[in-house]
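What follows is a short report on a single structure.
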6 protein chains.
Amino acid sequence: MMTRTRTGISELDEMLRGGFMKGDSAMVVGSTGTGKTILGLQYLVNGVTKFGENGIFVTFEQLPDTIYRDANSLGWDLRKIEREDKFRLVCTSPDLLLEAHDGEHLLDEPIRQIRPQRIVIDSLSHLEMYVKEGEVRKEAYRLVMYLRAKELSSLLTYESHQLTGETTALTEKGSSFIVDCIICLRFVEIESSMRKALVVLKLRGSDHDKRLREFEITSEGIKIGAPFSRYEGIMSGAPRKSWTEETVRSWTRAFEGKP
Amino acid sequence: MMTRTRTGISELDEMLRGGFMKGDSAMVVGSTGTGKTILGLQYLVNGVTKFGENGIFVTFEQLPDTIYRDANSLGWDLRKIEREDKFRLVCTSPDLLLEAHDGEHLLDEPIRQIRPQRIVIDSLSHLEMYVKEGEVRKEAYRLVMYLRAKELSSLLTYESHQLTGETTALTEKGSSFIVDCIICLRFVEIESSMRKALVVLKLRGSDHDKRLREFEITSEGIKIGAPFSRYEGIMSGAPRKSWTEETVRSWTRAFEGKP
Amino acid sequence: MMTRTRTGISELDEMLRGGFMKGDSAMVVGSTGTGKTILGLQYLVNGVTKFGENGIFVTFEQLPDTIYRDANSLGWDLRKIEREDKFRLVCTSPDLLLEAHDGEHLLDEPIRQIRPQRIVIDSLSHLEMYVKEGEVRKEAYRLVMYLRAKELSSLLTYESHQLTGETTALTEKGSSFIVDCIICLRFVEIESSMRKALVVLKLRGSDHDKRLREFEITSEGIKIGAPFSRYEGIMSGAPRKSWTEETVRSWTRAFEGKP
Amino acid sequence: MMTRTRTGISELDEMLRGGFMKGDSAMVVGSTGTGKTILGLQYLVNGVTKFGENGIFVTFEQLPDTIYRDANSLGWDLRKIEREDKFRLVCTSPDLLLEAHDGEHLLDEPIRQIRPQRIVIDSLSHLEMYVKEGEVRKEAYRLVMYLRAKELSSLLTYESHQLTGETTALTEKGSSFIVDCIICLRFVEIESSMRKALVVLKLRGSDHDKRLREFEITSEGIKIGAPFSRYEGIMSGAPRKSWTEETVRSWTRAFEGKP
Amino acid sequence: MMTRTRTGISELDEMLRGGFMKGDSAMVVGSTGTGKTILGLQYLVNGVTKFGENGIFVTFEQLPDTIYRDANSLGWDLRKIEREDKFRLVCTSPDLLLEAHDGEHLLDEPIRQIRPQRIVIDSLSHLEMYVKEGEVRKEAYRLVMYLRAKELSSLLTYESHQLTGETTALTEKGSSFIVDCIICLRFVEIESSMRKALVVLKLRGSDHDKRLREFEITSEGIKIGAPFSRYEGIMSGAPRKSWTEETVRSWTRAFEGKP
Amino acid sequence: MMTRTRTGISELDEMLRGGFMKGDSAMVVGSTGTGKTILGLQYLVNGVTKFGENGIFVTFEQLPDTIYRDANSLGWDLRKIEREDKFRLVCTSPDLLLEAHDGEHLLDEPIRQIRPQRIVIDSLSHLEMYVKEGEVRKEAYRLVMYLRAKELSSLLTYESHQLTGETTALTEKGSSFIVDCIICLRFVEIESSMRKALVVLKLRGSDHDKRLREFEITSEGIKIGAPFSRYEGIMSGAPRKSWTEETVRSWTRAFEGKP
């Protein structure tokens, strides 16, 4: 039986049948505004506060203040857990992350300092932009292998450019196969609102929930609700209501039952 | 609790749960004719007249007269507030905006003059055209960081080329992640008219209205109306009317209730 | 209150709430055969005959005879108003139009001769083909600014290659933002006929009709008819009939009203 | 009143309100197998046999025998009218057609010989393939102007690669604007058969039938039948049956008429 | 009256009104797995066994054993008819096929040996891959003309990459016009099975069946069944069931017939 | 009668009418997370444990541990059968696999050691990435021929980037024709869950099941369930429920049967 790394988001852990596989890499794919960064932060904060596991958040966005602030608005005091050596926010560029310097990797130092079990890379799509066409998979591989060697349960975010559409691809350069778990976040237009859906597409070595479930970003972070029902085409972002079997059957009965 | 920068468009402020985050960057995405420029002007004029906050409007369109005139037709006397040192219209080119000259940024001077709290860049898509492929994000970043350093609540417009279509992407070169808030304007064909829809897709650090709401450009500027209802696929611009649950239920009841 | 330049097509002027803004640029976008050239000619002929405003028609198609003939078939005697110095047909190439020669622009001469208030450029898409990739907007700008400086109310046609399709873009190289008004012409397949639809998408500084209206090219030129009704997806060119609310309601009432 | 050049296909002439404009260029667009070549041959044969107008058929396909044979199978004896100096089959390559040699155009000789009033170029899409990207329109122009100068009523075929599909473009390189008339042939899947539709999209200087009409290739050539009815999306090649107003109304009446 | 070359598949010969035109070229287009190769083999085997016409099968796949074996599994003993000098399997590469060597074409020898009347080239899409962009049509032409000169009734297969989809093109580089007959094979998802459809799109010089008919690959080769009915969009590969006129009419009658 | 290589997944063997053809190549195509690798492992493990046939698993993913672990979680002890010389896991790069070294192929050694009858290449899409554009088919061919020469029944996986969408292509560079059998795995959104479908598209020399059947990855590997029913468009990944004939008929009867 594999040890599981729990996200601390109870419904998600349930969907993952206990959590990610310890030491594995998960990818969270979604377009801008779907909540990938919040999911990453929540994974790390829960690690620290609920499971005693330290974590590193690597961001390529050059504005760490926003991250502290956003976390704050969700009740997560990143500076505090940083002072307690349970968390590190690493603000860097893709090239610095990918290249070793004198045999020393950029993450070696914070790993020595806080001995983390979790890490978030936000985001792999940034990284793709800085790497030459043919090198993406190789570099992403190297990174994932480094994280694995350090026995970190990693979560990598991936920003998909497409907001809605029938034809969906996960990633542009096919990096999806390097991860062990894929969670897909999608905007879904339902009843004239842009709601959000989450689905686990892959979890190597384990069963998982196959349902598309609605989620919201609340004042306490991501909250996963009930599965959708009576809709077709949710993954396209523009579902249509489907006739339920009951409706069709009850109509049939009604029609036939007439004298 | 974050301080909010109100747009002064009451329904929009309500949708934003009070307004933009002070000092943050918002992006307004929409195709030509959806009202991005008017939304930007209204944001600044309301700043001056309703909230005592000065503002700068940066345009890359070389015809400032049109802007004064259009504002006039909406009852906004830009020249008057400009004379009162509460507003500046900066007509420039993307390269001049992006490059500093002798350590002096093009906006330093008007910022010193009117000490603004708001700024509009109209538009980021123009800027994208003048920047080399690989440099777009970096340059857009630098600009956003400059605005942030000046403590300006900024609004950046973005012109999407696509008018309607099932597959939607926000921006061509993925600049959407540099902003804290995304408002999406869309043409929507309903009952054989090209009506307009507005939706807030993202608001970092805050809850927001998820509904697609209709809006109009009236003689007093943007006016947001009721949310759409009974339509599927609004984001595609070509929605279809959906069967309401009530209709289906009332039919079912009717059929079953027959003797 | 802005002065309006009336097209003389009464329904279109009504849709524009009086006409184009005097001195502004309008764009008429449509695929081949939708009637862009006729709309342009009608705009100029009506200027001369109904409003005492002279006009220039600039064509990049090298066959002026066809234009005289087509106008003739619609009852417009271009040669006559040309002799009266109220009209000029300028047959040129994009490069000649764009480049000044010894400080003299190609249009300076005819403008001096007939002192026009209207001009049609047929078409901007031809012009796009002759200009280098990165230069299109700049050149189109320069042209529009020249026309504006000459105080001409201009109408630019634009030929879209796509005949029908769900995903619609206005122009290929995004020149749509340089104009103040956009009128869109589309083929629409309705009841197995290729009919035509017209919609005003944008009118800077003014309200306008949002409805998609049917139009025909009659022996007297463009004639705009009633708005479409009971169709969804007209902009795609392949609309589907929609269930009317009345039908649904009357059925519901009928079902429920049964004993 | 313009003189018309009749095709001799009575329903088509009716759709064209008498025929093509004398001396103009028409384009017949359609995918392989829709009958473009047959339409072109029929146009010329009818010219000779019904209207006393001689004609030239220019083909870029290197197998003239097939053309003689196909014509034969439709009852048209091309060799006979060729012997009578009423017809010429010119088998050439695009470059030979486009380039003049010692001031002599390839078609000058046959034109002198038979003094034709009609010509068919089969096909413009072949020609596009042999011309450099930027030169297509210019070359097609030159050809059309040459034909016009020779006072020939020309018909140019164009092979579209796409068989079916919602998004339709007429031609790949936008040559459609050089012609005065556009006739579109399409495969249409109806009741599980690949039937054929014909529609006139454009006829400069004249009204025309807007309906999509079914046609067949019979043993006597093209035969145009009734317009389609009760279908939506014929132009896409994959129409769907639409609910008729009558059905909806008769149901409504039936439901309401119940006691 | 043209002589026909019968395929020996009775339903197909019926659809072709007797068979291919003798000496002409037919193309069979379909994605992998639709049965193009089997159709080609069956055409040749039937030639030998039913009509006393010898045949050559040219393959670019380097594994002739598979072809012998597959034929065997369908009851066709290729080695036997090869020994009887009634059949030749030519296993070659596109370049060897296209180039003559010392005035001798690769096929000259087997043609001399067995004096065939039929030939299959499997496949033209392989050939396209080995020929330079601009040369494809020319080379395909030369090949088809060579076959024609040898008085062979040829069948060329073409593998389309697309499995299903609304927008369909026959061939990538437009080689479809060089053939006299086009038969299209498609996967069609019906009642959750991937069934197969066959349609004749073109047959120069002859009428033909326009219906989309289902076919299967049985232990005796291709067997064509009934035409599809009650489906729309078969060519897309993902048809939808259509309401039949009868259903609508019988409902209407039922509703109206109520007291 | 061909000898069959059974997969040991009873429903799949049934769908294949007994299994793959011995010595042939099969391709399993699917997007990430559909279970291609598991299907490959199961094929080999069943070979060893159920049919006494040894097997080699070639992976280009550089992390063999994950494969051992995943297999373990499904109850397959790869290390054990490896120790027993019944199985080999070959972890290599595409170039090493493709190139021979001193006349020795990378797989020669393990083949000598365990004398396998089965092999899995995971995946062909990796291989495509390392081979130059024009060389893919040639190289894939060479590999398949090598495997065939070694009398191995091979299974090659192929990762398709597209998750869902109406237009489907099997492989990017058209390698699908080199294999004798194609099995397609697809995500299918049904009742708001991402379920999985399997279909056999091709099986050279044999009949096969044409139905799209649901499958799951259980704790014992792939388990194929019932065929789908009442859905249209399963291959697109976003099916819609179809009206059943029964429903329509029973309604019709009900309506007509009324007094």
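The values are calculated or read from the model by the stated rules, or taken from the named source; none is laboratory data. Remember, it's a predicted structure, so these values are computed and weren't measured experimentally. Cβ coordinates were reconstructed from backbone atoms using ideal geometry, including for glycine residues, and neighbour counts include every protein chain displayed. Please note that ligands, DNA and RNA were not included when accessible areas were found on the heavy atoms of the full protein model with its side chains. Shrake-Rupley method; radii C 1.70, N 1.55, O 1.52, S 1.80 Å.
Just to be sure before I move on: is residue D:145 aliphatic (A, V, I, L, M), under 30 Å from residue D:188 (Cα atoms) and out of contact with any strand residue (DSSP E or B) (no Cβ under 6 Å at 6 or more places or on another chain) in the structure I sent? No, not satisfied.
Would you point out the residue of the stretch C:237-258, among those that are modelled with pLDDT under 75 and more than 7 Å from every other protein chain (Cβ to nearest Cβ), that is least open to solvent (accessible area, probe 1.4 Å)? The residue in question is C:244. Strands (runs of 3 or more DSSP E) fully within the stretch D:181-256 that include at least 2 residues being acidic (Asp, Glu): D:213-218. Among the residues making up the stretch C:28-49, a single one is open to solvent by 20 Å² or more (accessible area, probe 1.4 Å) and touching a Gly at 6+ places or on another chain (Cβ under 7 Å): C:38.
Restrict the check to the stretch C:142-157 and report whether at least one residue is touching a residue at least 60 places away in the same chain (Cβ under 8 Å) and within 30 Å of residue D:233 (Cβ to Cβ).
Looking only at the stretch C:142-157, we keep the residues that are touching a residue at least 60 places away in the same chain (Cβ under 8 Å), and these are C:144, C:147-148, C:151-157.
Imposing the further condition that a residue be within 30 Å of residue D:233 (Cβ to Cβ) reduces the set to C:157.
Scanning the stretch C:142-157 turns up at least one residue that is touching a residue at least 60 places away in the same chain (Cβ under 8 Å) and within 30 Å of residue D:233 (Cβ to Cβ).
Taking the condition of being open to solvent by 20 Å² or more (accessible area, probe 1.4 Å) and either in contact with a Leu (Cβ under 6 Å, 6 or more places away or on another chain) or touching a residue at least 12 places away in the same chain (Cβ under 8 Å) (or both), how many residues in the stretch D:50-62 meet it?
Within the stretch D:50-62, the subset open to solvent by 20 Å² or more (accessible area, probe 1.4 Å) is D:50-54, D:61-62.
In the following step, the residues that additionally are either in contact with a Leu (Cβ under 6 Å, 6 or more places away or on another chain) or touching a residue at least 12 places away in the same chain (Cβ under 8 Å) (or both) were identified as D:50-51, D:53-54, D:61-62.
So the count comes out to 6.
For the stretch E:4-27, check the following and say yes or no: at least one residue is more than 25 Å from residue E:184 (Cα to Cα) and open to solvent by 20 Å² or more (accessible area, probe 1.4 Å). Spell out the reasoning first.
Within the stretch E:4-27, the first condition is being more than 25 Å from residue E:184 (Cα to Cα), and the residues that meet it are none.
Checked the stretch E:4-27: no residue is more than 25 Å from residue E:184 (Cα to Cα) and open to solvent by 20 Å² or more (accessible area, probe 1.4 Å).
Could you go through the stretch B:157-172 and let me know if any residue there is open to solvent by 10 Å² or more (accessible area, probe 1.4 Å) and part of a helix (DSSP H, G or I). No, the stretch B:157-172 has no match at all. Within the stretch A:118-136, the set of residues being open to solvent by 60 Å² or more (accessible area, probe 1.4 Å) and touching an Asp or Glu at 6+ places or on another chain (Cβ under 8 Å) comprises A:130 only. Note on the stretch E:31-67: among residues that are modelled with pLDDT of 95 or more and among the aromatic types (Phe, Trp, Tyr), the one that is farthest from residue E:125 (Cα to Cα) is E:51.
Which of the numbered conditions does residue E:181 fail, given that it passes all the others? Conditions: (1) of a type outside the set (Lys, Arg); (2) open to solvent by 20 Å² or more (accessible area, probe 1.4 Å); (3) in contact with an Asp or Glu (Cβ under 9 Å, 6 or more places away or on another chain); (4) more than 17 Å from residue E:32 (Cα to Cα). Just one mismatch for residue E:181, condition (2).
Sort through B:217, B:190, B:234, B:183 and tell me the only one that's at pLDDT 85 or above and within 13 Å of the chain's Cα centre (by Cα).
Values: B:217 fails: within 13 Å of the chain's Cα centre (by Cα); B:190 fails: within 13 Å of the chain's Cα centre (by Cα); B:234 fails: within 13 Å of the chain's Cα centre (by Cα).
B:183 is the lone residue from the list that is at pLDDT 85 or above and within 13 Å of the chain's Cα centre (by Cα).
Of the residues that make up the stretch D:131-140, is at least one at pLDDT 80 or above and assigned to a loop (DSSP other than H, G, I, E, B)? Checking the stretch D:131-140: not a single residue is at pLDDT 80 or above and assigned to a loop (DSSP other than H, G, I, E, B). For the stretch D:87-95, the count of residues that are within 13 Å of another protein chain (Cβ to nearest Cβ), touching a strand residue (DSSP E or B) at 6+ places or on another chain (Cβ under 7 Å) and in contact (Cβ under 8 Å) with a residue 12 or more places away in the chain is nonzero. Would you be able to say whether some residue in the stretch F:211-219 is among the aliphatic types (A, V, I, L, M), within 11 Å of chain E (Cβ to nearest Cβ) and in contact with a strand residue (DSSP E or B) (Cβ under 8 Å, 6 or more places away or on another chain)? For the stretch F:211-219, residues among the aliphatic types (A, V, I, L, M), within 11 Å of chain E (Cβ to nearest Cβ) and in contact with a strand residue (DSSP E or B) (Cβ under 8 Å, 6 or more places away or on another chain): present.
Residues in the stretch C:178-217 that are farther than 18 Å from residue C:12 by Cα, charged (D, E, K, R) and touching a Leu at 6+ places or on another chain (Cβ under 9 Å): C:189 alone. Taking (1) acidic (Asp, Glu); (2) open to solvent by 60 Å² or more (accessible area, probe 1.4 Å); (3) within 30 Å of residue A:203 (Cα to Cα) in turn, residue F:70 satisfies each apart from (2). Once the stretch B:193-207 is narrowed to residues that are under 12 Å from the mean Cα position of the chain (by Cα) and in contact (Cβ under 8 Å) with a residue 60 or more places away in the chain, the residue that is nearest to residue A:186 (Cα to Cα) is B:200. Take the conditions (1) of a type in the set (Ser, Thr, Tyr); (2) at the interface with chain C (Cβ under 7 Å from one of its Cβ atoms); (3) farther than 21 Å from residue D:25 by Cα; (4) buried (at least 18 other Cβ atoms within 10 Å of the Cβ); residue D:176 misses just one of them, which is (3).
Is it the case that some residue within the stretch A:135-150 is closer than 25 Å to residue A:18 by Cα and in contact with a Phe, Trp or Tyr (Cβ under 7 Å, 6 or more places away or on another chain)? No, the stretch A:135-150 contains no residue that is closer than 25 Å to residue A:18 by Cα and in contact with a Phe, Trp or Tyr (Cβ under 7 Å, 6 or more places away or on another chain).
Could you tell me how many of the residues in the stretch C:191-212 are open to solvent by less than 10 Å² (accessible area, probe 1.4 Å), within 14 Å of residue C:18 (Cα to Cα) and touching a Ser or Thr at 6+ places or on another chain (Cβ under 8 Å)? Count: 0. Checked against (1) out of contact with any helix residue (DSSP H, G or I) (no Cβ under 8 Å at 6 or more places or on another chain); (2) under 17 Å from residue F:116 (Cβ atoms), residue F:66 passes all but a single condition, namely (2).
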